[in-house]
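Following: one structure in structure tokens, then a few remarks.
The values are calculated or read from the model by the stated rules, or taken from the named source; none is laboratory data. Keep in mind that what you see is a predicted model, and the values were worked out from it rather than measured. We place every Cβ from the backbone using ideal geometry, glycine too, and count neighbours over all the protein chains shown.
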Amino acid sequence: MALAPNVYDAEPIPESARAEVERLLTTGDLFRYTAPEDAPVSLLEREFADMMGMKYALAVSSCSAALFLSLLGLGLKPGTRVLIPAFTFAAVPSAVVHANCQPVLVEVGENYRVDMEDFATKLTDDIGAVIISHMRGHTSDMDAIMALCDARGIPVVEDAAHSLGTKWHGRKIGTIGRVGCFSFQSYKLVNSGEGGILVTDDADLVARAVIMSGAYEHNWAKHKAPEGDNTGALAAAFARWQNQLPLYNLRLSNLSAAIIRSQLPEVARRVRDGRRNHDYVAGLLNGSPWLSVPPSLPPEERAPDSIQFNLVDFADDAEARAFADAAAARGVKVQVFGLSTDNARAFWNWQFIPGDQPDLPRTRAMLMRACDVRLPARLQTDDLDFIASALLAAAEDVKSQTRAYGT
């Protein structure tokens, strides 16, 4: 019997990182501000900004930190209401709460994207910012979102933790809003165990974020504007905010930056292989009457490293649990987002949000039948066939029992 593929290990760190890591370990030069210039973190910021086609980047300890600093960088006042999707990771509403703002949850449909009718209804004059989570790499209708927000002058922060390499109308996700935030946590496309980065063209926002990230005294001077940019906007912004802001010390280390930099040349290949794997498995799963993979929106070119699908005509939670158990017995772990008591992606578990929260029936119904399976870009066709076969057989097991008992 074939062994189930390991879907949890990340891709090996490229050999190109090893010499730089060894150099850093030998010198002990791990702090980003020790070198007068060209520290690994500074080089990463310049390379990542250039890769994304943006002016500025700030590397920090996590994507959560990037989101938090983005909100602070916008200068939001305490109590500001921030619109977020109800399907996201708990770190997103947590970042809003940490920034002394109030999360406002928006319904998400069965295709895992923002319900635009609910979004338009809740985008009222008291909303100070919007975070759009491209959750698990699924892009919401950014044309409609940006049109509504731009008309009201409301800044959009893109949570692109799962979306490095995804495009919308050919434009890179994370570069459409005022600021985009990415993750380098171990299950993401680029892995340094922990880490994050924000990108923006807004000099004032990035200057505030840099200082609050922990650029004490004049260490902000080691953050450079892009080559050829002689406007002085960044230097002027730093001068405005020197000694005006608290420090949260959310910096990235040189060691993490060296590991991340070595993987940036791999991004295009990982995106290509991840999309191939996703689309192959999606085609197999959509052949079942019991499983449905929502299609991408027409302007979207996804960069997936996992697959999400919905259970169709599963009568109750017991059937959904039976499906997950049957898949696990075949060696494939399935997460049904809404079925565990402490899932950090289920909005009813975000009990740290101040005030009463709406029930959000559309999002709740989706989460109770939406499934998640990892599909790393490194998997081969035999691995994909194993996973798809296990899922198809698990669904057939459950539904054949239902038919046998006539329920």
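Summary table
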quantity	calculated
Filtered residue count, segment 1-24, keeping only those that are in contact (Cβ under 8 Å) with a residue 24 or more places away in the chain and more than 30 Å from ASP305 (Cα to Cα)	1
Exclusive hit being outside the structural domain of SER163 (by TED's automatic domain parsing) and over 23 Å from ASP383 (Cα atoms), set ARG272, ARG276, ARG369	ARG369
Counted residues, segment 116-140 - those being in contact (Cβ under 8 Å) with a residue 40 or more places away in the chain and surrounded by 22 or more Cβ atoms within 10 Å (Cβ to Cβ)	11
Among residues of segment 294-311, those that are in a loop (DSSP other than H, G, I, E, B) and crowded, with 19+ Cβ neighbours inside 10 Å, counted	5
Subset of segment 77-106 [more than 11 Å from SER64 (Cβ to Cβ), within 18 Å of the chain's Cα centre (by Cα) and not hydrophobic (A, V, I, L, M, F, W, C)]	PRO85, THR88, PRO103
Among residues of segment 170-197, those that are outside any loop (DSSP other than H, G, I, E, B) and either more than 17 Å from TYR56 (Cα to Cα) or more than 14 Å from the chain's Cα centre (by Cα) (or both), counted	1
Residue count, segment 345-386 (criterion: in contact with an Asp or Glu (Cβ under 6 Å, 6 or more places away or on another chain) and at positive phi)	1
Pairs where the first residue, in segment 220-237, is part of a loop (DSSP other than H, G, I, E, B) and of a type in the set (Gly, Ala, Ser) and the second is surrounded by 11 or more Cβ atoms within 10 Å (Cβ to Cβ) and at pLDDT 85 or above, C-beta under 8 Å, 6+ apart	ALA225/LYS55; ALA225/TYR56; ALA225/ALA203; ALA225/ALA233; ALA225/LEU234; ALA225/ALA235
Residue match in segment 39-56 (condition: crowded, with 19+ Cβ neighbours inside 10 Å, among the polar types (S, T, N, Q) and in a loop (DSSP other than H, G, I, E, B))	no
Subset tally (residues that are acidic (Asp, Glu), touching a residue at least 40 places away in the same chain (Cβ under 8 Å) and farther than 24 Å from LEU375 by Cα) for segment 141-164	2
